[in-house]
1. With N residues in chain B, what two-decimal value do you get for its Cα radius of gyration over 2.2 N^0.38 Å?
2. Short version: ³J(HN,Hα) in whole Hz for each residue of the range B:505-518, in order, from phi by Karplus 6.51 cos²θ - 1.76 cosθ + 1.60 (θ = phi - 60°), x for Gly and Pro, what are they?
3. So for B:260, B:92, fewest C-beta neighbours within 10 Å to most, what's the order?
4. Test of the criteria: in the range B:347-423, which trypsin sites (Lys or Arg not before Pro) are in a DSSP loop and have at most 15 other Cβ atoms within 10 angstrom of their Cβ?
5. For residue B:123, what is the net charge nearby, where nearby means another residue's Cβ is under 12 Å from its Cβ and Lys, Arg count +1, Asp, Glu -1?
6. With equal scatterers on the alpha carbons only and no solvent term, can you work out the Debye log10 of I(q)/I(0) for the range B:518-616 at 0.10, 0.11, 0.24 1/Å?
7. With 29 Å as the limit, write out which pairs from A:42/B:573; A:42/B:84; B:79/B:573; B:573/B:616 have Cα-Cα distances beyond it, or answer none.
8. So for B:597, B:371, B:177, fewest C-beta neighbours within 10 Å to most, what's the order?
Amino acid sequence: MHRALLLALLALGLLAGPLHAVQPDEMLPDAAQEARARQLSKELRCMVCQNQSIDDSDAPLAKDLRLLVRERIKAGDSDGQVMDFLVSRYGEFVLLRPTLHGANIVLWLAPFLVLVVGGAGLWLAYRRRGSRPAPTAPLSNEEEEKLRRVLSENSGDVTKL
Amino acid sequence: MNPEIGHYALVLALAVAILQTVIPIWGARVGDAALMRVGPALAVAFFGFVSLAFAVLTVAYVQSDFSVLNVVENSHSLKPMLFKITGVWGNHEGSMLLWVLVLALFGAMVALFGSNLPATLKANVLGVQGSVGVAFLLFILLTSNPFIRVMPAPAEGQDLNPVLQDIGLAIHPPLLYLGYVGFSITFAFAVAALIDGRIDAAWARWVRPWALAAWAFLTVGIAMGSYWAYYELGWGGWWFWDPVENASLMPWFAGTALIHSAVVMEKRDALKVWTLLLAILAFSLSLLGTFLVRSGVLTSVHAFATDPTRGVFILGILVFFIGGSLALYALRAPMLRQGGIFAPISREGALVLNNLLLTAAAAAVLIGTLYPLALESWNGAKITVGPPYFNLTVGALMLPVLFAMPFGPLLAWKRGDLAGAAQRLMSALAVGILIALAAAYMQGGGPLLAPLGMGLAAFIVIGAVVDIAERGGIGRVPAATAFARLRGLPRASYGAALAHAGVGVCLFGIIAETSWNAERITGLKIGESFEVGGYELTLARVEPRNGPNYRDLAGVFTIRRGGTEIGTIESSKRLFTARNMPTTEAGIRTFGFSQLYVSLGDELPGGGIGVRAYWKPFVTLIWLGAVIMALGGALSLSDRRLRIGAPKPAKTKPIKDKPASKPDAAPAPAE
């Protein structure tokens, strides 16, 4: 009866619509291989989606890519080979983790460059400021004399200074 | 009400904003007190007109006035009343109107409560605030008018995007805007100080509460957005490094740096120029966030505006305000006098380190968000900067911040004693190590990152407790004395400790959820069961339901633990009839701080239904931690010093207790 209900709803179009992310029937029987596939899927972008990995996405393309990843893994590809295969097919756009070549080095280093440059700037500012209050010149003879006079007048009562 | 009244109110608001920009600043320039006094009245009038416009639009939504295009496009007569109201800002035009409304509200608050501000500063602040209003009102009137009519009026509207038909829309955007736009006040203060060419500790005392309030709102706003995405999108994720999320995270980092450097400025009269720059940066990043979200330049999960003319307009606003304020900064900042010298190892030094790392984190998010755009326009290459990049860079920059956090408050101003602080943190460190060991034991192998992270989280939480205990002198002075001292501590001290503890709580949730969560994806027929995270779930029934503007297919699961039934969990797929769009309504049950999360999939070819279930240990701590942070901010905000601008008068003489041995241990009553 429930099955009939499900089918009826399916017919109503209630259950149609985008597919759900990873489907049970997509999964590989070998748990280790499946775990690898999941891990790789999280690093791959669903190209037609807005900022989703193929692991999260409902889009048909993401499903195709998930199946493709699993196919390559079943065929005995290493993780690196699977990624290389996808990049050769779809370009670096598919990688959620940008590579470390060419201009991307700037991308990876920039935050730390901000840190280093900022730190260096702060250090320089500190050094400059540290030296700014010039060492106080020693008291001249007259000043020493004046100080002694003042001190003796008040005979040690500091509060009156 | 007639929509044209709203339109007209916006035009009047624009006129008022123009006056508000020109007259007070002119008055401050020529030293005319009468001209300066016009500012507050104009700011209140500006708020009044924008409120009227907002009210008119709200009425149009409530009455389902389908002669207004904006209502047609985003509402439906069958939509529940709550979503009719929240739908006002669930679209581009309306959300910009809310933005300006919040801006006007803050301007009016400065006008009404800023009676003890120096006259020229107040005039300049209101003027700058007015100029931001002019820019955004022009934007609304020229490119995003919510009051445009449609002829002939359709009989029914197109309904609101179903993902947005949620209580989250009532909470998340207003809070986020209170945060974003709250930084407009600190920005206005910064620019006003630059125009004035004068800045002092009193300035910081004024700016700090605004920065704190904006920061607290932004913190909760981001956390609520995260929770909303978590339960509504049905993927079980709570942070996606989506450009829109990044847009709110950047001002958050800058704002966090700002509330810390403002402390240094207020207490020690140091870091003035830097605090000023942070105030400018925080709002600039808010503007940039507005640009990224509103222009649709980075199409993302949330983007619901894609119109290049708008993008160019906001870009213009962006260039004017960021460029203008930074140019003014470059021109005027060198003239500002620096004060307060300190050693690198000191409270100030710790706060500088915090500022440096937080700013670098904001830069990492900014660079990662904009790099693909820049690269594509440079050589046409399309690449993606996804979560792995942000996790690595922001994570690496946050780690030292988190580790240094308990040390900062234990260091003295001017010159601190790191070894002494470390010694006082021994108990916290011991608890941290204990928790790490316990976590490693429970985990039984696997990556060490999780136990270490949990240990760090515990270290931060206990470190915050140690901070307060040390201020009270617990263990060093008689209990009564310590109690009296604790009572005398300013609320800002408790607020800071609470916020720091919140960071630890949040970190614990993040680490626990990411490393210990369990996931099950399976196909299920009625009566069948599966296990996740030690709970056994059985699909009891699948039933169709009807809502006001949707049809629901709900799967009801019974939950068993150790063979005994402990409740049910309901997950559904919902189809909104007007747009024929499905959404997932994840089933969530909370056990302690952990959650069981069930999301319903599709009918499977072999019979049964796809189910994705998660066990998410300590996941609620992520948002709870953020709420604790914001509560810390609110507690600090309620400090008399910030409200009245003066410390509490000492009723009795501060209790003398070996003041020489720990000069930093009891700074409270004297502050």
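All of the numbers you see were taken from the coordinates with simple rules; none came from a lab. The structure presented is a predicted model; accordingly, all values stated were derived computationally and were not measured. Ideal geometry is used to build each Cβ from the backbone, glycine not excepted, and the neighbour counts take in all protein chains shown.
1. Normalised Rg, Cα atoms only: 1.03.
2. 4, 4, 4, 4, x, 4, 5, 4, 5, 6, 9, 10, 6, 10
3. B:260, B:92
4. B:382
5. The answer is +1.
6. With one equal scatterer per Cα and no solvent, log10 I(q)/I(0) is -0.26, -0.32, -1.27.
7. A:42/B:84
8. Placing the least packed residue first, the sequence is B:371, B:177, B:597.
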